[in-house]
1. Just to be sure I understand: if I project the alpha-carbon convex hull of segment 107-196 onto a plane and average over all orientations, what area do I get in nm²?
2. What does the highest-first list of 321-328, 185-192 look like by mean Cβ count within 10 Å?
3. Going by Cα centres, segment 227-275 and segment 54-105 are how many Å apart?
4. Quick check on packing: order 173-183, 76-86 by the mean number of other C-beta atoms within 10 Å, highest mean leading.
5. If you take the square roots of the eigenvalues of the alpha-carbon gyration tensor of segment 236-278 and sort them as a ≥ b ≥ c, do you get rounded (a/c under 1.5), prolate (a/b over b/c) or oblate?
6. Which log10 I(q)/I(0) values does segment 260-342 give at q = 0.14, 0.16 Å⁻¹ under the Debye formula, counting every alpha carbon as one identical point scatterer?
7. For the ranges 27-33, 55-61, what's the packing order if you count other beta-carbon atoms within 10 Å of each residue, average per peptide, and put the highest first?
8. For the chain, what is the percent of antiparallel DSSP beta bridges, rounded to the nearest 5?
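Every number here is computed from the coordinates shown, using simple stated rules; none is lab data. Quick caveat: nothing in here was measured; it's all calculated off a predicted structure. No Cβ is skipped: glycine too gets one built from the backbone with ideal geometry, and neighbour counts run over all protein chains shown.
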Ligand code: SF4
């Protein structure tokens, strides 16, 4: 029987070390070292080169004997994500387009702020959810990313010259992370584990439109990962028109899930001029936020997304924020970053890859929910 290789697995039987949890990779490599007449600690040395102090390939693991490196090469892979494009904005925001083994493109955005470097990572190639204002949604869904392709976006930052040291992660790039929980779940472990990338759980935010089984699964993890809910409209009628997923996960159920999530949640609310930025919307949004003690982030619309939406003016956004504060809600207005590069989610890939007909979440067998 021939075994079908997934992207990142070589056509032979080589095993992808980056698609294993770090503890699993360590055990595998220690056993491998012993089987080949080396001390087990050689296996632990290799693991440190996977995520903590990554090496581009086995050849660069110069603290290992040459013969052992050759053996590793014969049995394992540590696949890179190929950097296809890199754009630097005047405000320091940097956007990366990576090409995957099967020719798919994904985007990653690095946003510096003071001593922090937040990396906005992708969890799917494209997205099935078709939010009306989103460039990624307009291009359709191709496939879920594997664990190593998700965490690998952070690994690639460490392999740049000079390396970029990521302090915070947000799952706000391409895709809906909780529709790919099977890969996002172990990727969170790699991002957080001391044997992996060692980023504190409180510095890792999973952002979702409200995929309930995924929210429950995230809440069941013992680490303090953060949850952001993409609300974008404060009533079902409007949300339905902007986010088709609202049929499956209406606002009331999303709010209910936020209440049972035992940590504080954030609402993400993109400001669409003349659509969701009126006084009545502020009143409705404030009521929802108070119900689950959510912090609200108001996001200026990035030009170049999908649809004919116009951004709310800065004055309107600040007026809206004041209305929320007056209603007792904590709120922040996000800066729009990387305006001079195509930094809205999905824009760079749209420029590079032809659009595909959108696939609905229901129709696509690849979509995995918790
Ligand atoms: S906003 Fe997020 S969930 Fe909606 S289509 Fe874009 S990537 Fe998908």
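1. Over every viewing direction, the Cα hull of segment 107-196 projects on average to 6.3 nm².
2. Ranking the peptides 321-328, 185-192 by packing returns 185-192, 321-328.
3. Using only Cα atoms, the two centres lie 37 Å from each other.
4. Highest-to-lowest ranking by the protection proxy: 173-183, 76-86.
5. oblate
6. -0.48, -0.61
7. Descending mean neighbour count gives 27-33, 55-61.
8. 45 percent
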